[in-house]
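Engineer: Can you keep this structure in mind? I'll have questions shortly.
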Amino acid sequence: MRTAYSVETVRAAERELMARLPDGALMQRAAAGLAAACADLLGRVYGSRVVLLVGSGDNGGDALYAGARLARRGAGVTAVLLAPERAHAEGLVALRRAGGRAVAPGAAEDLIARADLVVDGIVGIGGKGGLRPDAVPLAAAAERSRAAVVAVDLPSGVDAETGQVNGAAVRADLTVTFGTHKPGLLVDPAREYAGSVRLVDIGLELPDEADLEALQHADVARLLPVPGAESDKYRRGVVGIAAGSARYPGAAVLAVSGALRGGAGAVRYVGPAGDAVIARFPETLVSDQGPKKAGRVQAWVVGPGAGDDAVTVAEVLAADVPVLIDADGLRLADVDAVRDRTAPTLMTPHAGEAAALLGVAREEVEGARLSSARELAGRYGATVLLKGSTTLVADSAGGAVRVNATGTSWLATAGSGDVLSGLTGSLLAAGLSARDAGSVGAYLHGLAGRLAADGAPVGAHDVAEAVVRAWRDVRR
């Protein structure tokens, strides 16, 4: 599992480790890892042209020491000092002894234009807001250049804690981070600025519970429901799908398609699209008597394509089983009814729906996804799966927020969210917690999207059909 910790936690761990090490040893560890990553990216170090963008903090020191290592291997290294009087003194001495040189920002743009590699050591993990005005032209020059851009710990101008980008920021091809991932490296919009991320182990001792965590294949494989020898369709779980309307029957079909591939033993459908559902999936148990009379289920999915059917949403919320609320159901669900539930509730909004529930602009949610997911979970007393290029799963009880980035931009297609709802609801019915069902559902859905698309447009039905391939891929 990939984990990320807050700035405060990282700094406390660094202080504890530095107290046990000789002066400067921790920075040398970081610099060695940074230099190795830069060398790997360059391929050939000797004769390459490297420009260091050096601020006043320890990030600048890491860059200077790494630059000295590259200079000793034959690279031409120039440090651009944004604050010469506050540059890391020992790192600057090391660079000059290795044959590197330092210049003022006025001479930087031409150097950057001719560089093979630009190292961003402007601002560290404590930076807030966008880049200062004197650094903006350097970041722009680096983006225009043909040079590879490597960020030290995280791109300057992004918020390490929240993933927000409030102003200009460096866009990196590679971010070399130390000790642990920082939340901003895993959460959009900052994640888009980080490029590939390489973690360098510097020996930090960190708490067992992280602030963020991202499941990997092995983690998902452990959570997937697998029937035992004595299982039957009811023991495997039955998921109820209350979705669709006369206007949107396809939402019901797509939600059922996801549910049939999510690990539950049976799918019950309730709603006005029964004929469309049974025509496409004859194995579905169809009822037109409403959720109360549909028969036993272990979890409900409500909302996709529901239109204004508030009665069905209220009936589902009154059920004493886990419930997933999506799409129209989010708009129709009463806040107090959700908060009063004793069984788990999982809400699956996209940014626009989350913004409406929070009473803010969509742009505010998109710019602060992590805090928005946490706030919505707290307000409703539910687990929230905030959809997007990085999906977040936040629990009202706190704990680590789960981050998922398996998806692809091709998943931005009508009906894709309905498939995700059915898939995740099926995992709920199979016995996974709301947090695990949301995390595993998002992981499989994103992976299925990649497999189905393979670089080309896809429809939601293609994604549903690829879930089985994604499931097999995870279990290999």
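Engineer: Below 25 Å, Cα to Cα, which lysines can K292 reach? Residues fewer than 8 away in the same chain don't count.
Structural biologist: Partners within reach: K233.
Engineer: Hey, got a sec? Which trypsin sites (Lys or Arg not before Pro) in the range 1-89 land in a DSSP loop and have at most 13 other Cβ atoms within 10 Å?
Structural biologist: Here the sparse-neighbourhood loop sites are R20, R44.
Engineer: While we're on this one: Could you list log10 I(q)/I(0) for the range 346-466 at q = 0.13, 0.22 Å⁻¹, which the Debye formula gives when each Cα is one point scatterer?
Structural biologist: Calculated log10 I(q)/I(0) at the listed q: -0.47, -1.23.
Engineer: How about the range 251-342: which trypsin sites (Lys or Arg not before Pro) there lie in a loop by DSSP and see at most 11 other Cβ atoms within 10 Å? Before the final figure, lay out each step's value.
Structural biologist: Values: sites: R261, R268, R280, K292, K293, R296, R331, R339, R341; in loops: R261, R296, R341.
Passing both the DSSP loop test and the Cβ count: R296.
Engineer: Using DSSP H assignments, which helices in the chain have an axial alpha-carbon span of 24 Å or above and a mean Kyte-Doolittle hydropathy of 0.0 or higher?
Structural biologist: Counting only whole DSSP H runs, the qualifying helices are 25-42, 434-453.
Engineer: Here is a follow-up. Rounding to the nearest 20 debye, state how big the charge dipole of the range 345-449 is about its Cα centre with +1 on each Lys and Arg Cβ and -1 on each Asp and Glu Cβ.
Structural biologist: For this selection, approximately 140 debye.
Engineer: Using the charge dipole of the chain (Lys, Arg: +1 at Cβ; Asp, Glu: -1 at Cβ; taken about the Cα centre), state which of A107, A355, L324 has its Cα farthest towards the positive end.
Structural biologist: Working it through, the farthest residue towards the positive pole turns out to be A107.
Engineer: Here is a further query. Quote the charge dipole size of the range 56-128 about the Cα centre in Debye, to the nearest 20; the model charges only the Cβ of Lys and Arg (+1) and of Asp and Glu (-1).
Structural biologist: With Lys and Arg at +1 and Asp and Glu at -1, about 280 debye.
Engineer: Additional query: For R20 and V226, FRET efficiency with R0 = 51 Å and r from the beta-carbon atoms, rounded to 0.05?
Structural biologist: The computed FRET efficiency comes out at 0.70.
Engineer: Taking 0.36 nm per intervening residue step and subtracting the Cα-Cα distance, what contour gain separates D288 from R146 on full extension? All intermediate terms of the calculation are to be shown ahead of the outcome.
Structural biologist: On the way: separation 142, 0.36 × 142 = 51.12 nm, distance 6.21 nm.
That pair, D288 and R146, stretches by 44.9 nm at full extension.
Engineer: While we're on this one: Can you give me the accessible area per residue for the range 274-351, using a 1.4 Å probe, in Å²?
Structural biologist: I get 46 Å² per residue for this part.
Engineer: Sort out the exposed loop GluC sites (Glu not before Pro) in the chain (DSSP loop, at most 12 other Cβ within 10 Å) and tell me the longest stretch that has none.
Structural biologist: 1-204
Engineer: Name the longest site-free stretch of the chain, where the excluded sites are chymotrypsin sites (Phe, Trp or Tyr not before Pro) in a DSSP loop with no more than 12 other beta-carbon atoms within 10 Å. Can you show the working numbers first?
Structural biologist: Details: sites that count: Y46, Y234.
Longest run free of exposed loop sites: 235-476.
Engineer: Now, a different point. Would you kindly state how much longer the chain becomes between R469 and I278 on full extension, computed as 0.36 nm times their sequence separation minus their alpha carbon distance, in nm to one decimal? Mind showing how you got there, number by number?
Structural biologist: On the way: separation 191, 0.36 × 191 = 68.76 nm, distance 2.38 nm.
Gain on extension, R469 to I278, equals 66.4 nm.
Engineer: Can you tell me the relative contact order of the chain? Whole percent, Cα pairs under 8 Å, sequence separation 6 or more.
Structural biologist: After rounding, I find 12 percent.
Engineer: Next question. Could you give me D for the chain, from Stokes-Einstein at 10 °C and 1.306 mPa s, where the hydrodynamic radius is the Kirkwood radius over C-alpha pairs? Units µm² s⁻¹, please.
Structural biologist: Value of D from the Cα-based Kirkwood radius: 67 µm²/s.
Engineer: Ignoring any ligand, DNA or RNA, what whole percent of the accessible area of the chain comes from carbon and sulfur when the probe is 1.4 angstrom?
Structural biologist: 48
Engineer: Given a 1.4 angstrom probe, what's the average accessible area per residue across the range 20-116, in square angstrom?
Structural biologist: Accessible area per residue: 45 Å².
Engineer: OK, next. Using only alpha carbons, build the gyration tensor for the range 291-363 and give me the equivalent ellipsoid semi-axes, biggest first, whole Å. Working shown, then result.
Structural biologist: Numbers: eigenvalues 98, 31, 21 Å².
For the range 291-363, the ellipsoid semi-axes come out as 22, 13, 10 Å.
Engineer: Can you tell me the length gained on complete extension of the stretch A412 to A113, counting 0.36 nm per residue apart and subtracting the Cα distance?
Structural biologist: Full extension of this stretch gives 104.0 nm more.
The values are calculated or read from the model by the stated rules, or taken from the named source; none is laboratory data. Keep in mind that what you see is a predicted model, and the values were worked out from it rather than measured. Please note: Cβ atoms are built from the backbone with ideal geometry, for glycine as well, and neighbour counts cover all protein chains shown. Surface accessibility is based on the protein's heavy atoms, side chains included, excluding ligands, DNA and RNA. Shrake-Rupley method; radii C 1.70, N 1.55, O 1.52, S 1.80 Å.
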